[in-house]
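Worksheet: one structure, shown below.
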Amino acid sequence: MQEPVPGDTNVVSPLLKGPVVNPAANPRRMRRIIAEDPEWSLAVVPHLSELCLQHIVSNFEKNPVVDRLLPEHQRKVLDRISTALPLTVTANLISDEGYWKRCCTERWPVCDVSHYGGSWKRMFFERHLENILKYFIPNTTDPNQVLEVIPLCKEYVRKLEIDQFLPPVKLDQKKEEDDMSDSGSDVGVDEFCMHHYDLGVLTAALSHLEELHLTYGVKDCGMNFEWSLFDFTFQDCYSLANAFKKCHALKVFKLCRSKVDDEKARILIRNLLDHPCLVELDLSHNLIGDRGARAVGKLINHSKLEILNLCNNRIRAQGAQAIAHALANNSTLTLLNLRLNCIEDEGGQAIGHALLTNATLTSIHLEGNELSEPTATLFSQVLAQNTALTSINLACNHIGLDGGKQLLEGMSDNKTVTEFDLRLAEVGQESEYLINQALKANQEIARLKTLHQPNSPEEKLPDLD
């Protein structure tokens, strides 16, 4: 008889009547180890460096570590950290454009970085500050919301576009005020209570601010409409004028659709005289009349303005004459927009006389100004003598057939004007067609000049090989 081998469970012991059962054969009686993580597997254990990076990301707010990491590890951390981290942590620490691109695209659906010099970080801080200012309510919003963000964004903000300013909340609204607002008058509202946010502190801190675009009004007011919501008060005006003194790098200032009248325009312009950097001023869609235009004329010769936009105001002949007097002696202005005023022939002729001596203005907009044949006759001389103008707009005037012939005669001697808008000017189809033919010839001359410009010094170097 074969002797049983120790450990062989399949052999029947001679001392037992039946076979010995292996306990491992019953899974219910087996001892098992169950992992706490059901997805844990030995095959996917991360590297120690990966675990460290995960720890850095999860604790970045308390212990921000970036500069001491290897470049490939920095990339992983910056791609993973949350865009909701406090700006006090990320503003001066993170310069990576990829992170700020994520911050912008997650917050705003439309992001065109080309409007911000190609910098996502600049876009984020400019739009973040704009949002705070747009929804700032005087006497209600905590001023620290602005004061705390200024040190974080002052190095990156170059331009601010604020298209609304909210007034203070009126706690005691009376029925009489509602009736006044319905009738188009808010005389009963105390103006000193309707002032908006004072930009003085902001402009003093933003040393790199170059462009400031403002509109005093409220968007989407709906059934809460009142005329007082769109007031640019004298207190706002004085505050803004004082802000100019602290904004030495300002190059472009736009204040549109804000009910700026003559008095307020004069206050603002008084503080812009001899500004060291201002090159563009836009006061379009306001209430500026002749007195304000005389102040603008003074500004033209006491600044380095290159672009001036006074479209859709209340300037008449006397205001246009003041601007023309300044234009005749000016050597920096290149674009003047007086569209949708009412300067008439008296003002139009004054502008024309100024253009006979001015040698720098390249674009003039006079559409919708009640101009007629006398202005066209003078502009015919301008076309024959002025060699700086390249764009003229006299659309929506009453030039007439004879005026059109005068302009055609002037265009026959002109080789520089490439844009001449005479739509709805009643000049006649024949004159308009022949003027357009002359424009095409001038455009071809301009194109050929561009092609034959001398090459750069690098391109002119001889081939030494």
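What follows is calculated from the coordinates using simple rules that are stated; it is not laboratory data. Note that the structure is predicted; figures quoted are calculated from it, not measured. Here the Cβ is made from the backbone with ideal geometry for all residues, glycine too, and neighbour counts use every protein chain on show.
At a glance:
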quantity: Computed lengthening from GLN318 to LYS259, 0.36 nm per intervening residue step minus Cα-Cα distance; calculated: 19.2 nm
quantity: Linear extension gain, LYS304 paired with VAL252, 0.36 nm per residue minus alpha-carbon span; calculated: 17.6 nm
quantity: Extension gain (nm, one decimal) between GLU148 and GLU50, 0.36 nm per residue minus Cα-Cα; calculated: 31.7 nm
quantity: Partner lysines for LYS405 [C-alpha distance under 26 Å; skip if fewer than 8 residues away on the same chain]; calculated: LYS415, LYS440
quantity: Candidates per chymotrypsin sites (Phe, Trp or Tyr not before Pro) in the range 109-162, loop by DSSP, up to 14 other Cβ within 10 Å; calculated: TYR135
quantity: In Hz, Karplus ³J(HN,Hα) per residue of the range 331-347 (6.51, -1.76, 1.60; θ = phi - 60°; x = Gly, Pro); calculated: 10, 10, 5, 10, 9, 10, 10, 10, 4, 6, 10, 9, 7, 6, 5, 4, x
quantity: Listed residues GLN349, LEU283, SER331: farthest to the positive end of the dipole of the range 279-355 (Cβ charges); calculated: LEU283
quantity: In the range 201-248, chymotrypsin sites (Phe, Trp or Tyr not before Pro) in a DSSP loop with at most 13 other beta-carbon atoms within 10 Å; calculated: PHE225
quantity: Lysines with Cα under 27 Å of LYS170, excluding same-chain neighbours fewer than 8 positions away; calculated: LYS134, LYS219, LYS259, LYS264
quantity: Sparse-neighbour loop sites [trypsin sites (Lys or Arg not before Pro); the range 86-120; at most 16 other C-beta within 10 Å; DSSP]; calculated: none
quantity: Integer Hz, Karplus 6.51/-1.76/1.60 couplings in order for the range 221-238, x for Gly and Pro; calculated: 7, x, 6, 8, 4, 8, 4, 5, 5, 10, 8, 9, 6, 5, 5, 4, 5, 5
